[in-house]
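Peer 1: Here it is, the structure in full.
The values are calculated or read from the model by the stated rules, or taken from the named source; none is laboratory data. On a predicted model such as this, the values are computed, not experimentally measured, just so you know. Methodologically, a virtual Cβ is constructed for each residue, glycine included, from the backbone with ideal geometry; neighbour enumeration extends over all protein chains shown. The area values use the complete protein model at the heavy-atom level, side chains included, leaving out ligands, DNA and RNA. Shrake-Rupley method; radii C 1.70, N 1.55, O 1.52, S 1.80 Å.
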Amino acid sequence: MTNDITDFEIPIGDWVAAGVDWIQTNLTGILDGISEVLALVIDSFEGLLQGIPPLILALFIVLLATWRVGWKFGLFAIAAMVLLFGMDIWTQTISTLGLVIASSLVALIIGIPIGITMARHDAFEAITRPILDFMQTMPPFVYLIPAAIFFGLGKVPGSIATLIFAMPPAVRLTNLGIRQVSAEHIEAGKAFGCTSSQLLFKVQLPLAMPSIMAGINQTIMLALSMVVIASMIGAGGLGNTVLTGIQRLDVGLGFEGGLGVVLLAILLDRITQSFGIAQRAGGPPSLITRIRRFFQRTPDSPGKG
Amino acid sequence: MQDKVVVKDLYKIFGPEPDRALELLDQGLSKEEIFEQTRTTVGVQKADFSIREGEVFVVMGLSGSGKSTLVRMLNRLIEPTRGQVIVDGVDITQMSKQELITMRRRSMSMVFQSFALMPHKSVGENAAFGLEVSGMPKAERRERALQALDTVGLAVNADSYPDELSGGMKQRVGLARALATDAPILLMDEAFSALDPLIRTEMQDELVRLQTTQAHTIVFISHDLDEAIRIGDRIAIMEGGAIVQIGTPEDIVTNPANDYVRSFFYGVDVSKVFSAGDIASDRAITVFERTGVNVRAALAQLHDRGHSLGIVIDSDRHYRGMVSVNSLADAGRDSEHPHWEDAFLKQIQPASADTELSEVLSQVTSNEFPVPIVDTEGRYRGIVDKTVLLQTLDKTT
Ligand SMILES: Nc1ncnc2c1ncn2[C@@H]1O[C@H](COP(=O)(O)OP(=O)(O)OP(=O)(O)O)[C@@H](O)[C@H]1O
Ligand SMILES: [Mg+2]
């Protein structure tokens, strides 16, 4: 008797399972399509990165780090490259990097337009916001299950779980960035006769850029963390190294994999962040600006901006 | 002058119940009462006026009186709730989206209080913004932008970025952006309010100078009467969304419509409102320089009327000189047939009628004699003396 009140069931689990079944039987075509496109994107990025001779790629990363962040960070990048080669996890690192870039790219291609739409339509924002909250509070492992059910094992489901998990910040910060553009800037755009697409591309997006870049940075970082988890459904890369370490209770191997992830994370974070700081607000100047300044400093053309 | 913009019975109601608010307004309720009953704000009500081609039309009023709302209805950044805005004979409230965009590109441009420059664009690109939006090729729009920047003295900064400029320079870029499109109408919402007082005065003078070379029809929002008087041909004063008075600066200062309007003038520098001609008084004795009236007769005339000074004018009322009882007596003593010239007070220089009062002020106060005022043709208009000055200054403070 006392149990009666808690003795009922809402079979949410059953409903979800039924939904999944339905999708699997009725939407195979769509699922296959998605799968093929994603496979293509992932393969081309991985192929590209694996195709470059490791030393040249490493040199490129060091140069990029030096240019975007500074020479100290360049030194760090050199140390990171030496460690990755030394631990013999270069191939896994590059595989992870390729998957991160491919997943992030797809996440951004889908997420940024959603963010733009949210910023322009309050009703759409009201619907999307709770979905984003939901997506962000779900434990990441949960994404692995439907991904694996619909797409099997491998890089494609790994990438799907990743891009869904990593998309919310790009959506949110695009929306936020556009909404934060000052009323006077919008008025200036309209007063000079912008059409609504001109307003978007000439005023709102450029002014929202720092915020959008912060969103891109976060998306890439989330993608990295998810790609590691996604190795549980066969996404490969550094996550595999860690996973193997766990399965064999090999602390050393697990640590090496973990260290690889950390190094990659720091490199990706600092380099993508450097693009986010507004170039006109004291961030690292663009290459062109640097060249311009260099020539302006020469004695025969002392004119300064 | 021709009417450039005609505003007819224009209303803007913000909030949930615009129709009901309009009804209540028609019944004569105030903005506050309507807000209490309906949570609906009257932004602008029954605005009815026209702006003439080439004039600087200043809109003044306290914060919240509806100035920004009014000016934004002129280019429909804010949609009017009721009424018409007629620009060059066309009612813009009836325009389609596309027509409206064309109108904004061709006929009106705007200058903003916080400048609203695009930080990612260079000064030159910012100045070219309006032209870029309307699809002008890059080389051509750069040239036009450079011309506009040159007008405001910033052509050398074309390749700088806004964050490298001072506030005053930024607003010059804002002005250049508005000038570059060649739109005949400029809307300026507190365009100079964010600037330091010194820079602000400089920009005001710049605007006035600009008006003499390429006259635009300017609608200028301000909450500063000194600014309004300095640049305005006419001033409209707003209170609670309604326009309570429109007139020239002199009109408004001398005949304020109500206490609200009058309250603006406390602490206003009247010497800038009035020109010498506005207050010149005819209290001085005028003596005609013609046959039959000689120096001795003039002396007698002054004695009779108990005046110590007189103004000598010719038959066309041209100013000839000022004489005093002493100078007339001296001239009569020195010569048998004294000339008028001998009796004129040498140190007195007439001032022209459009001289600012502040300039005449120092002459009057440093001198025991009044200052004679003449018009552009040299005809005598009156005198300004200490008494006249005191009366004028007293009227408004
Ligand atoms: N978008 C809006 N929604 C609701 N009420 C508004 C809106 N914009 C303006 N108002 C109200 O309309 C009235 C007029 O505002 P407006 O901005 O035109 O005043 P203003 O004279 O420009 O004031 P300020 O000197 O502070 O700029 C105010 O009561 C304001 O609260
Ligand atoms: Mg305002």
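Peer 1: What Kirkwood Rh does region B:277-394 have if only Cα atoms enter the pairwise 1/r average? Answer in Å.
Peer 2: Value: 14.6 Å, from the Cα pair sum.
Peer 1: Relative contact order, percent, of region A:183-241 when contacts are C-alpha pairs under 8 Å separated by at least 6 residues?
Peer 2: 18 percent
Peer 1: Run the quick spin-label model on B:D330 and A:F60: label points 7 Å from Cα toward the beta carbon, then report their separation in nm to one decimal.
Peer 2: 9.8 nm
Peer 1: Check which residues have an amide H placed less than 5 Å from B:E55's amide H, if you skip close sequence neighbours.
Peer 2: It is B:I218, by chain and number.
Peer 1: Which FRET efficiency, nearest 0.05, do B:K386 and B:E143 yield, Cβ-Cβ r, R0 51 Å?
Peer 2: Values: r = 57 Å, r/R0 = 1.11.
Efficiency for this residue pair is about 0.35.
Peer 1: Just to be sure I understand: with springs between alpha-carbon atoms less than 10 Å apart, which residue in A:W67, A:W15, A:W90 has the highest mean-square fluctuation in the Gaussian network model of chain A?
Peer 2: Checking each option, the largest mean-square fluctuation is seen for A:W15.
Peer 1: Go ahead and collect, in residue order, the members of region B:279-316 whose backbone nitrogen is under 11 Å from a label point 7 Å along the Cα-Cβ direction of B:D342.
Peer 2: The answer is B:295-296.
Peer 1: Label-point separation (nm) for A:A123 and B:D150, each offset 7 Å from Cα along Cα-to-Cβ?
Peer 2: 5.3 nm
Peer 1: If you average 1/r over every pair of different alpha-carbon atoms in chain B and take one over that average, what Kirkwood value in Å do you get?
Peer 2: 24.5 Å
Peer 1: Could you work out Rg/(2.2 N^0.38 Å) for the protein assembly as shown, with Rg from alpha carbons only?
Peer 2: 1.44
Peer 1: With each pseudo-label sitting 7 Å past Cα toward Cβ, what's the B:E23-A:F141 distance in nm, one decimal?
Peer 2: Going by the 7 Å Cα→Cβ label model, 6.3 nm.
Peer 1: Which percent, nearest 5, of DSSP beta bridges in the protein assembly as shown are antiparallel?
Peer 2: Beta bridges within the protein assembly as shown, antiparallel portion: roughly 55 percent.
Peer 1: OK, next. Once you average over the residues of A:194-203, how many Cβ atoms of partner chains fall within 10 Å of each Cβ?
Peer 2: Working: counts 8, 4, 2, 0, 5, 1, 0, 0, 6, 5.
The per-residue average across the peptide is 3.
Peer 1: Based on a Kirkwood Rh over C-alpha pairs, give the Stokes-Einstein translational diffusion coefficient of chain A at 25 °C and viscosity 0.890 mPa s in µm²/s.
Peer 2: D, rounded to a whole number, is 112 µm²/s.
Peer 1: Note down the relative contact order for region B:277-394 as a percent, whole number, built from C-alpha pairs under 8 angstrom at least six residues apart.
Peer 2: Relative contact order of region B:277-394: 30 percent.
Peer 1: For B:F288 and B:S193, compute 0.36 nm times the residue count separating them, minus their Cα-Cα distance, and round to one decimal in nm.
Peer 2: This chain segment gains 29.0 nm when fully extended.
Peer 1: Next up: Have a look at B:I101, B:I51, B:I383 and tell me which one the Gaussian network model of chain B (Cα, springs below 10 Å) gives the largest fluctuation.
Peer 2: Maximum among the listed residues: B:I101.
Peer 1: Within region B:50-91, name every residue whose backbone N is under 18 Å away from a label modeled 7 Å from Cα of B:E99 along the Cβ vector.
Peer 2: Counting only backbone N, you get B:73-91.
Peer 1: Extension gain B:E202-B:D316, at 0.36 nm per residue separation less the Cα-Cα distance, in nm?
Peer 2: Between B:E202 and B:D316, full extension yields an extra 36.9 nm.
Peer 1: Leaving out ligands, DNA and RNA, what percent of the accessible area of region B:28-144 is carbon and sulfur, probe 1.4 Å?
Peer 2: Heavy-atom surface of region B:28-144 belonging to carbon and sulfur, 1.4 Å probe: 47 percent.
Peer 1: Further, regarding this structure: Which one, B:S366, B:S271, B:S193, has the greatest fluctuation when you compute a Gaussian network model over chain B with C-alpha springs under 10 angstrom?
Peer 2: With Cα springs under 10 Å in chain B, the top fluctuation among B:S366, B:S271, B:S193 is at B:S366.
Peer 1: Could you report the buried accessible area between B and A, both sides summed, computed with a 1.4 Å probe and given in Å² to the nearest 100?
Peer 2: So the total buried area for this chain pair works out to about 2200 Å².
Peer 1: In percent, how large is the relative contact order of chain B, given Cα pairs closer than 8 Å and 6 or more residues apart? Kindly include the intermediate steps, with their values, before the conclusion.
Peer 2: Working: 742 pairs, mean separation 59.5, N = 397.
For chain B, the relative contact order is 15 percent.
Peer 1: Could you pull out which residues in region A:130-173 have an amide N less than 19 Å from a spot 7 Å beyond the Cα of A:T25, following the Cα-Cβ vector?
Peer 2: A:149-151
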